[in-house]
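*Asks:* Following this message is one structure expressed as structure tokens.
The values are calculated or read from the model by the stated rules, or taken from the named source; none is laboratory data. Everything quoted here is computed from the prediction, not taken from an experiment. All Cβ positions, even for glycine, are placed from backbone atoms using ideal geometry, and neighbour counts span all protein chains on display. Ligands, DNA and RNA are excluded from the accessible area calculation, which covers all protein heavy atoms including side chains. Shrake-Rupley method; radii C 1.70, N 1.55, O 1.52, S 1.80 Å.
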Amino acid sequence: MATTSNVENLPPQTIRLVARELASLQTAPLEGIRVTFSEQDVTQVEALIDGPAGTPYAGGVFRVKLSLSKDFPRSPPKGFFMTRIFHPNVAANGEICVNTLKKDWKADLGIKHLLLTIKCLLIVPNPESALNEEAGKMLLERYDDYCQRAKMMTEIHAQVARSSKSADEGEPMAKKHATERPAGAAAGADKRRPKDKSKRTLKRL
């Protein structure tokens, strides 16, 4: 999926407003949403959204991208899921179909509102405006099958970010324990083997 930067086309005032909102979302993050962006190009915004509890997306971490148009905020950004997902309102290329990104867009809504809307879409899909017709039909006619398929896709594609994060966070602890408790080093290595095995399984998928 190719997106074009529009940072040179936006007026400085708009760039400042967007940068201020994004900085605010980093210092006071929304629950289950972590925003990342480059200060050199605020027109390409990425966020990690935790799959909401009680949905087939629970436990997954989904990377989302918002690409601001040269007419922003008069025109809405384009929204995409970078992580593969089985969802009625997400096309095969990751494009998101939600009214807030189209006919219901208002210039004063902002990035925060969009991210919350996308997270809500994971809780309450809208099969009436389906980009993935198979998912929309399955949601309406065979809900259990829909949940099973969506959960399987989540386990295969949306776990990698969290698994990698856990591994990164756990590595310094492993080194620390190895230094302070030499006798337990071998036991610690044994405990890590199942995790390594599960990672290899995910990579094969």
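*Asks:* Compute the separation of the alpha-carbon centres of the range 100-117 and the range 25-68 and state it in Å as a whole number.
*Replies:* 15
*Asks:* When the Karplus curve 6.51 cos²θ - 1.76 cosθ + 1.60 is applied with θ = phi - 60°, which whole-Hz ³J(HN,Hα) does each residue of the range 102-114 get, with x for Gly and Pro?
*Replies:* 10, 5, 8, 5, 10, 4, 9, 6, x, 5, 4, 4, 5
*Asks:* How much of the calculated P(r) for the range 1-149 lies past 22 Å, in percent of all Cα pairs?
*Replies:* 39
*Asks:* If I model a spin label at Glu95 and Lys137 as a point 7 Å from the Cα along the Cα→Cβ vector, what separation in nanometres do I get?
*Replies:* With each label placed 7 Å out from Cα toward Cβ, I get 2.0 nm.
*Asks:* With a 1.4 Å probe and all protein chains kept in place, how do Asp104, Asp41 rank by accessible area, largest first?
*Replies:* Asp104, Asp41
*Asks:* Show Tyr143, Tyr57 ordered by accessible area, largest first, where the area counts protein heavy atoms only and the probe is 1.4 Å.
*Replies:* Largest to smallest exposure gives the sequence Tyr143, Tyr57.
*Asks:* When ligands, DNA and RNA are left out and all protein chains stay put, how many square angstrom of accessible area per residue does the range 102-142 have with a 1.4 Å probe?
*Replies:* For the range 102-142, the solvent-accessible area averages 63 Å² per residue.
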